[in-house]
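Participant: One structure, as structure tokens, below. Some questions next.
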Number of protein chains: 2
Amino acid sequence: MGKIMTLSPFAPKSLAHLPPIEGVRFATAEAGIRYKNRTDLLVAVMDAGTTAAGVLTQSKTASAPVLACRKHLKKGEARILVVNSGNANAFTGKKGREAVDVTVRHAAAAASCKPHEVFVASTGVIGEPLEAGKFAHLLGKLAEDAVPDAFEDAARAIMTTDTYPKVATRIAHIGDAEVTINGFCKGAGMIAPDMATMLCFIFTDAAIGASALQELVTQHAKTTFNCMTVDGDTSTSDTCLAFATGAAAARGQKPIDKAGSKKLKAFSDALHDLMRDLAIQVAKDGEGLSKFVTFEVGGAKSWAAARKIALACANSPILKAAIAGEDPNWGRVVMAVGKSGEAADRDKLAIWFGTYCVARDGERAQEYDEKTVAAYMKNRDIVVRVDAGVGKASATVWTCDLTHDYISINADYRS
Amino acid sequence: MGKIMTLSPFAPKSLAHLPPIEGVRFATAEAGIRYKNRTDLLVAVMDAGTTAAGVLTQSKTASAPVLACRKHLKKGEARILVVNSGNANAFTGKKGREAVDVTVRHAAAAASCKPHEVFVASTGVIGEPLEAGKFAHLLGKLAEDAVPDAFEDAARAIMTTDTYPKVATRIAHIGDAEVTINGFCKGAGMIAPDMATMLCFIFTDAAIGASALQELVTQHAKTTFNCMTVDGDTSTSDTCLAFATGAAAARGQKPIDKAGSKKLKAFSDALHDLMRDLAIQVAKDGEGLSKFVTFEVGGAKSWAAARKIALACANSPILKAAIAGEDPNWGRVVMAVGKSGEAADRDKLAIWFGTYCVARDGERAQEYDEKTVAAYMKNRDIVVRVDAGVGKASATVWTCDLTHDYISINADYRS
């Protein structure tokens with residue numbers, strides 16, 4: 001099945017414990033979909049009244065589960081989530097749609113709910129038909145056995161080539177009521193004929209209407225998951241779903257239906273912080289990485305322009321290879337800024353590696369000292385700042401370097 | 001100065017000899033701009049009446065020589081071309097503009113021409129001030145000594161990390177007159193804080209007006225150089241210039257001023273063929289390549305859509321790493337098609353590796369045989385065909401694979 005992945009240098013020494021969220025319970029199983037001796041099936045059962053929101057891949061070849069989620073999100077109600085790893089059920093044609101239908105039917109029976117209250121996600125090999133028969137019969141029992149205190153198990157069941165599970169938790173207040181937000185996701189590890197697949201699931205006991213939740217998730221995805229890249233390759237399966245059980249209403253939280261409500265500010269901030277945390281964890285587990293790299297672009301005409309410049313840097317193979325080689329190759333930053341197509345003033349452009357200014361006013365900085373900056377490049381966390389010199393907007397993008405291990409993981413898996 | 005480049009497996013066993021072109025003469029010198037013991041300065045002197053056309057980088061951080069060419073092209077007249085390798089004179093601020101001014105002044109004196117008849121190009125390190133004083137004084141003597149039969153010397157003087165010079169020649173008829181088109185270029189090899197820089201110079205003795213020549217070059221660049229990629233990184237210095245000396249007029253060629261003229265058809269075809277040949281030679285010398293890869297996309301809504309899909313494939317690190325690993329990873333082709341953002345019918349999409357259909361009607365082809373296709377992947381030339389299933393337009397893009405050597409060349413150059 002390929003080479004053994006080296007643990008990311010950014011793997012946390014110990015995982016945060018995610019407290020239970022009232023109204024949601026988890027169960028996992030070893031269904032043997034592709035992997036042996038590990039869980040590969042996750043079921044999350046949610047109480048009646050749970051609202052749902054989500055953002056999905058923009059790929060024109062989106063997987064069958066993505067299409068089902070997109071359809072079900074229209075009603076914004078959720079009772080059960082079924083996720084499998086090992087097979088992405090992408091590019092599987094009619095068989096793929098049938099596998100989703102079978103899963104939805106069994107899941108709806110297991111949770112005694114309507115089909116539109118079922119959400120599904122798959123990650124792993126693509127182009128290989130997913131045999132829903134391998135696990136659909138397990139769903140009833142799993143739904144029965146589900147328990148609240150199992151976020152880590154849930155996070156592990158959806159991993160593919162991740163070297164560590166990615167979890168985060170936050171607490172916020174809505175009025176006087178304390179609510180919890182938990183999230184976990186899997187990231188961009190690849191082996192076998194797989195592709196980067198980002199799955200993220202967020203749960204909260206807050207009482208929030210589906211459309212308000214949708215507005216927050218859409219807004220925050222822009223500056224979190226959509227500002228993170230490993231290799232610029234959009235998956236067929238990218239899925240970020242959020243579920244609000246509303247259990248906090250029983251503790252006095254007044255349900256909120258408008259994303260713009262002032263009462264939702266702290267919750268919105270906490271949700272953003274959690275999504276940002278998870279996005280960074282994904283970049284920190286990018287295939288074969290040796291360094292975590294942050295591109296901060298300022299002085300741009302708009303946030304979108306700043307993000308595009310930062311992404312041009314973060315997706316440049318030649319710049320990322322230089323960073324892997326601990327080479328403060330700011331010329332390649334100039335190139336990436338130029339190729340982004342966004343406005344930048346060549347004669348005002350400035351670039352920093354860490355706190356060291358390497359270029360200013362369109363040429364090498366007077367104080368540039370190769371040795372000092374080369375020493376900075378030996379750090380594991382690298383920050384590159386760019387001032388485009390044409391405006392006041394800024395954006396941040398997270399990524400990793402491009403190493404020999406990336407090539408080995410993605411080229412040599414058959415050997 | 002870094003690691004020794006391995007000769008590309010696609011380097012020609014012997015170089016084509018380019019015949020002299022009436023009206024143009026070349027001289028080269030070892031100016032010691034950056035390299036030792038090799039030529040790094042090229043002068044091409046052209047007869048009065050030579051027309052000029054060109055396409056230049058779209059980079060927002062274009063180099064000083066690019067800006068000068070863009071300005072001088074407006075008049076469409078040329079008498080002298082000066083090219084240096086070793087220093088790109090990019091991101092060098094005011095000093096960069098001054099270096100261009102000094103070069104133009106000395107070159108104009110050397111060729112007894114006006115400043116707008118001078119064209120300049122630089123390739124190599126960026127961000128390092130170019131000392132025009134190192135070579136400007138040589139231009140007069142070089143212009144005097146220039147000889148017609150020196151295309152190979154010219155091609156060698158502009159190389160940076162190319163492992164072989166790239167030359168091509170074609171013959172065409174305009175009416176009854178035979179005309180010659182010669183071209184040479186340098187490609188995407190990188191060492192040191194350099195970036196991919198594509199320079200291409202084309203010379204012909206045909207008598208063609210500047211605007212007609214411009215129209216042909218613009219049109220053909222789209223389907224040749226702009227359909228070739230090594231790593232998706234746009235240089236600050238990309239320059240493709242074409243010069244027509246008009247010497248064929250003395251042999252009876254009636255000068256042509258309209259690109260649409262039927263008499264120009266054979267010339268236009270030959271020019272396109274020459275530019276395509278040179279573009280492919282650049283891809284075949286991509287850094288660290290082991291395979292030359294052609295993506296042919298059909299069934300698209302427009303040529304632009306087909307090209308965008310093909311470029312999404314050709315710029316996908318994970319797909320190119322799979323090809324380096326001789327893995328027929330068609331799932332990654334599906335991903336790249338999806339991420340291109342262009343229309344594709346997921347349920348009609350078809351993919352071939354060579355002549356082997358691997359996917360059809362949105363799922364794995366019935367006849368797909370892993371062993372057969374894996375054996376095909378051992379070839380040095382790989383063709384991947386995609387049918388997007390939504391239209392009739394097609395486009396072809398040339399690239400190379402992504403190997404450990406690419407990482408070594410771009411990451412480890414200091415070691």
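All of the numbers you see were taken from the coordinates with simple rules; none came from a lab. Predicted model only: the values in this text are computed from it and were never measured. Cβ coordinates were reconstructed from backbone atoms using ideal geometry, including for glycine residues, and neighbour counts include every protein chain displayed.
Participant: Provide B:Thr239, B:Thr103 in ascending order of the number of other Cβ atoms located within 10 Å of each residue's Cβ, fewest first.
Facilitator: Lowest to highest Cβ neighbour count: B:Thr103, B:Thr239.
Participant: Right, here's the next one. For a 21 Å ceiling on Cα separation, which of these pairs sit above it: A:Lys339/B:Lys392; A:Lys371/B:Lys36; B:Lys13/B:Lys291?
Facilitator: A:Lys339/B:Lys392; A:Lys371/B:Lys36
Participant: Still on this structure, I have one more. Please get the size of the charge dipole for the protein assembly as shown, origin at its Cα centre, with Cβ charges of +1 on Lys and Arg and -1 on Asp and Glu, quoted in debye to the nearest 20.
Facilitator: 1400 debye
Participant: A further question follows. So for the protein assembly as shown, taking the charge dipole from beta-carbon charges (+1 Lys/Arg, -1 Asp/Glu), which of A:Ser394, B:Trp398, A:Val24 sits furthest toward the positive end?
Facilitator: A:Ser394
Participant: Suppose R0 equals 45 Å. What FRET efficiency, 1/(1 + (r/R0)^6) with r the Cβ-Cβ distance, do B:Ser302 and A:Asp257 give to the nearest 0.05?
Facilitator: Result of the calculation: an efficiency of 0.55.
Participant: List the residues whose amide H sits under 5 Å from the amide H of A:Ala359, counting only those 5 or more places along or on another chain, with H placed 1.01 Å from N in the peptide plane.
Facilitator: Residues meeting the criterion, in which the H sits 1.01 Å from N, are A:Ile351, A:Ala365.
Participant: Also: Grab the other residues whose beta carbon is less than 9 angstrom from that of B:Ala52, score K and R as +1, D and E as -1, and report the net.
Facilitator: -1
Participant: May I pose another question? By how many degrees, between 0 and 90 and to the nearest 10, does the Cα long axis of helix B:64-73 differ from the longest principal axis of chain B?
Facilitator: Rounded to the nearest ten degrees, it is 80.
Participant: Cα axis of helix B:303-314 to longest principal axis of chain B: angle in degrees, 0 to 90, nearest 10?
Facilitator: That works out to roughly 80 degrees.
Participant: Moving on to the next point. Pairs A:Lys186/B:Lys60; A:Lys320/A:Lys348; B:Lys186/B:Lys320; A:Lys60/A:Lys308: which are spaced more than 27 Å apart, C-alpha to C-alpha?
Facilitator: Violating the 27 Å limit, Cα to Cα: A:Lys186/B:Lys60.
Participant: A follow-up question, please. Can you compute the charge dipole magnitude of the stretch B:292-411 about its Cα centre, using +1 on each Lys and Arg Cβ and -1 on each Asp and Glu Cβ, nothing else charged? Give it in debye, rounded to the nearest 20.
Facilitator: 340 debye
Participant: Related question: For an R0 of 60 angstrom, estimate the FRET efficiency from the Cβ-Cβ distance between B:Lys265 and A:Thr218 and round to the nearest 0.05.
Facilitator: The computed FRET efficiency comes out at 0.65.
Participant: Let me ask something else about it. Of the listed peptides B:136-142, A:224-230, what is their order by residue-averaged count of other C-beta atoms within 10 Å, with the highest listed first?
Facilitator: Descending mean neighbour count gives A:224-230, B:136-142.
Participant: Related question: When the Cα centres of the stretch A:121-167 and the stretch B:111-148 are compared, how far apart do they sit, in Å?
Facilitator: If you average the Cα positions of each part, the centres end up 65 Å apart.
Participant: Shifting gears a bit: So, counting K/R as plus one and D/E as minus one, what does the shell of residues with Cβ under 12 Å around A:Lys75 add up to?
Facilitator: After counting each charged neighbour, the total is +3.
Participant: Using the Karplus curve 6.51 cos²θ - 1.76 cosθ + 1.60 with θ = phi - 60°, what ³J(HN,Hα) values do you get for each residue of the stretch B:386-392, in whole Hz, with x for Gly and Pro?
Facilitator: 10, 10, 6, x, 10, x, 10
Participant: What are the aspartates and glutamates whose alpha-carbon lies under 17 Å from the alpha-carbon of B:Lys301, with same-chain residues fewer than 8 places away excluded?
Facilitator: B:Glu342, B:Asp345, B:Asp347, B:Asp387
Participant: Further question on the same structure: In whole percent, what relative contact order does chain A give with Cα contacts below 8 Å and a gap of six or more residues?
Facilitator: Normalised by residue count, the contact order of chain A is 18 percent.
Participant: Also, I was wondering about something else. So for the stretch A:292-411: antiparallel DSSP bridges make up what percent, rounded to the nearest 5?
Facilitator: DSSP beta bridges in the stretch A:292-411 are roughly 70 percent antiparallel.
Participant: Expressed as a whole percent, how much of the Cα-Cα distance distribution for the stretch B:24-283 exceeds 25 Å?
Facilitator: Looking at the stretch B:24-283, the distances longer than 25 Å represent 37 percent of pairs.
Participant: What lysines sit close enough to A:Lys254 to cross-link, taking a C-alpha to C-alpha distance under 27 Å and skipping anything fewer than 8 places away on the same chain?
Facilitator: A:Lys74, A:Lys75, A:Lys114, A:Lys262, A:Lys263, A:Lys265
Participant: Show me, for the stretch B:333-346, the HN-Hα J-couplings you get by feeding each phi into the Karplus relation (A = 6.51, B = -1.76, C = 1.60, θ = phi - 60°), rounded to Hz, glycine and proline as x.
Facilitator: 5, 4, 4, 5, 4, x, 7, 5, x, 8, 4, 8, 9, 3
Participant: Tell me the net charge near A:Asp149. Cut-off is 15 Å between Cβ atoms, A:Asp149 excluded, with +1 for each Lys or Arg and -1 for each Asp or Glu.
Facilitator: Summing Lys/Arg as +1 and Asp/Glu as -1 gives -3.
Participant: Then there's this: Under the convention of a label 7 Å out along Cα→Cβ, give the distances in nm from B:Lys222 to the same position in every other copy, shortest first.
Facilitator: Going from nearest to farthest copy, the values are 3.4 nm.
Participant: On to the next question. Using the crude model of +1 on Lys and Arg Cβ and -1 on Asp and Glu Cβ, and no other charge, please compute the dipole size for the stretch A:24-283 relative to its Cα centre, in debye to 20.
Facilitator: Around 640 debye, computed over the stretch A:24-283.
Participant: Also: Can you give the % of DSSP beta bridges in the stretch A:24-283 that are antiparallel, to the nearest 5?
Facilitator: Antiparallel bridges make up about 70 percent of those DSSP assigns within the stretch A:24-283.
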